[in-house]
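The values are calculated or read from the model by the stated rules, or taken from the named source; none is laboratory data. These figures come from a predicted structure and were not determined experimentally. Cβ: placed from backbone, ideal geometry, glycine included. Neighbour counts: every protein chain shown. The protein model used for the area step is the full one, side chains on, heavy atoms only, and it has no ligands, DNA or RNA in it. Shrake-Rupley method; radii C 1.70, N 1.55, O 1.52, S 1.80 Å.
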Amino acid sequence: NMLVRTGGRERTKGEWRALLASVGLRITRLLPTGMTVGLIEAVPA
């Protein structure tokens, strides 16, 4: 619902890495939650 109403979209791991790198962060862990969403842990690069 949020993706449709706000123009959002799903991103690949590579897209997340590039997006976070553009603001000075790097991914340290990708954590599955056992659901349809996961968590991304990022720290300053």
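Starting from the 7 Å offset along Cα-to-Cβ, what nm value, one decimal, do you get for the label separation of LEU20 and THR36?
Taking the simple label geometry, LEU20 and THR36 are separated by 2.3 nm.
Give the carbon-plus-sulfur fraction of the accessible surface of the chain in %, rounded to a whole number; probe 1.4 Å, heavy atoms of protein chains only.
60
So who's got an amide H within less than 5 Å of the one on ALA42, skipping anything under 5 residues away but keeping other chains? H placed 1.01 Å off N, in plane.
THR28
For the chain, take N as its residue count and report Rg(C-alpha) divided by 2.2 N^0.38 Å.
It is 1.28.
Using only helices, what value at 222 nm comes out for the chain when you add -39,500 (n - 2.57) per DSSP H run of length 4 or more and divide by the total residues, to the nearest 500 deg cm²/dmol?
Roughly -8000 deg cm²/dmol at 222 nm, from the helical runs in the chain.
Counting other Cβ atoms within 10 Å of each Cβ, which GluC sites (Glu not before Pro) in the chain have at most 12 and sit in a DSSP loop?
Sites meeting the loop and neighbour criteria: GLU10.
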